[in-house]
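Asks: Following this message is one structure expressed as structure tokens.
Just so you know, all these numbers are worked out from the coordinates, no wet-lab data involved. Note that this is a predicted model, so its numbers are computed, not measured. As a convention, Cβ positions derive from the backbone with ideal geometry for all residues, glycine included, and neighbour counts pool all protein chains shown.
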């Protein structure tokens, strides 16, 4: 089991996106504390009502993770998650390849289809085409990253005898897909390297337009089904599963630690390979204290 620290998100219009602490200092502390990865989400132009009513501020994840890459040595750099339909897939591929090249092969590209209609509209993207756009992205990422000439003809993207260099360090960059739908799991089984189920409860699932997942037993069944489908598709490579752990009291990591250890063990038994946690802190001192306590309690 490996752990990722998700930089605490500032909700609403009050406060600043970096209230939890300077990004460089927090990333360095996460690595020092024993975390294996660091993640950031994105909303380039969210609805004002959504943000005013508890939505969260974001940085551009590729720019910010590039900054973190220069300050750290081993942390995996995860977009948790980038909305694939928001970008031309070749520009998305170039951003990921650039980050992977400069970081020495540390990128995990977490992708989702997106759910905010107002954000799609502001970006000039047809919300109803998001699944077609997502699949074209999955088609074209490995072509771009191959470093060899290729052509591709899709509904939204057409390329004739093009080539992209430099290649990323990883071949391919791991792609993890977020969401709980059967379509998401089919995409993972056939074409991705990881699954990021949404585990924030029924209300969050409704907001994000994805089915609620249910219990850990339900998760275990879904993971087993996904890996069986991958095997049936002729794949032998391992598929990672990232679980967003939000157990009561985890903000004070050293309190009731045995209960959290038992929860982690249950998730590992279910087939989870990575856990992402966040501290929900809004000051540098509190975030650093969380990282130190979590590392001492669970990662030493």
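Asks: To the nearest Å, what is the center-to-center distance of segment 214-238 and segment 45-75, using C-alpha atoms only?
Replies: 30 Å
Asks: Separate question: Relative to the longest principal axis of the chain, what angle (0 to 90°, nearest 10) does the C-alpha long axis of helix 257-270 take?
Replies: Compared with the principal axis, the helix lies near 30 degrees.
Asks: Tell me, what is a quarter of the convex hull surface for the C-alpha atoms of segment 126-246, in nm² with one decimal?
Replies: That works out to 8.9 nm², a quarter of the Cα hull's surface.
Asks: Going by a ≥ b ≥ c, the root eigenvalues of the Cα gyration tensor, does segment 1-134 fall in the rounded group (a/c under 1.5), the prolate group (a/b larger than b/c) or the oblate group? Write down the numbers at each step before the final one.
Replies: On the way: a/c = 2.30, a/b = 1.30, b/c = 1.77.
It is oblate, given that a/c is not under 1.5 and a/b is not larger than b/c.
Asks: Report the gain in length on full extension from residue 24 to residue 225: 0.36 nm times residue separation, minus Cα-Cα distance, nm rounded to one decimal.
Replies: Gain on extension, residue 24 to residue 225, equals 68.4 nm.
Asks: To the nearest 0.05, what FRET efficiency results for residue 45 and residue 258 with a Förster distance of 30 Å applied to their C-beta separation?
Replies: 0.10
Asks: If I fit a long axis through the Cα atoms of helix 182-191 and take the longest principal axis of the Cα atoms of the chain, what angle between them do I get, 0 to 90°, rounded to 10?
Replies: 70 degrees
Asks: What does the C-alpha gyration tensor say about the overall shape of segment 29-103? Classify as rounded when a/c is under 1.5, otherwise prolate if a/b is larger than b/c, or oblate.
Replies: oblate
Asks: Can you give the FRET efficiency for residue 248 and residue 101, using 1/(1 + (r/R0)^6), R0 = 51 Å, r = Cβ-Cβ distance, to the nearest 0.05?
Replies: The pair residue 248/residue 101 has a calculated efficiency of 0.80.
Asks: List the equivalent ellipsoid semi-axes of segment 60-117 in whole Å, largest first, each obtained as the square root of 5λ for an eigenvalue λ of the Cα gyration tensor.
Replies: Working through the eigenvalues yields semi-axes of 21, 12, 9 Å.
Asks: Relative to the first principal axis of the alpha-carbon coordinates of the chain, what is the inclination of helix 23-33, with its axis defined by its Cα atoms, in degrees from 0 to 90 and to the nearest 10?
Replies: For helix 23-33, the angle is close to 70 degrees.
Asks: Is segment 69-172 best put as rounded, prolate or oblate by its Cα gyration tensor, with a ≥ b ≥ c the root eigenvalues, rounded for a/c under 1.5, and otherwise prolate when a/b is larger than b/c, oblate when not? Show your work: numbers first, answer last.
Replies: Values: a/c = 2.63, a/b = 1.25, b/c = 2.11.
Oblate.
Asks: Still on this structure, please answer the following. With viscosity set to 0.890 mPa s at 25 °C, what whole-number translational diffusion coefficient in µm²/s follows for segment 194-300 from Stokes-Einstein and a Kirkwood radius over Cα pairs? Don't skip to the answer; put the middle values down first.
Replies: Values: Rh = 15.4 Å.
Once the numbers are plugged in, D ends up at 159 µm²/s.
Asks: Once both labels are modelled 7 Å past Cα along the beta-carbon direction, what's the residue 127-residue 282 spacing in nm?
Replies: 2.9 nm
Asks: Full-extension gain between residue 63 and residue 117, please, as 0.36 nm times their residue separation minus the C-alpha to C-alpha distance.
Replies: Result for the pair: 17.0 nm of gain on full extension.
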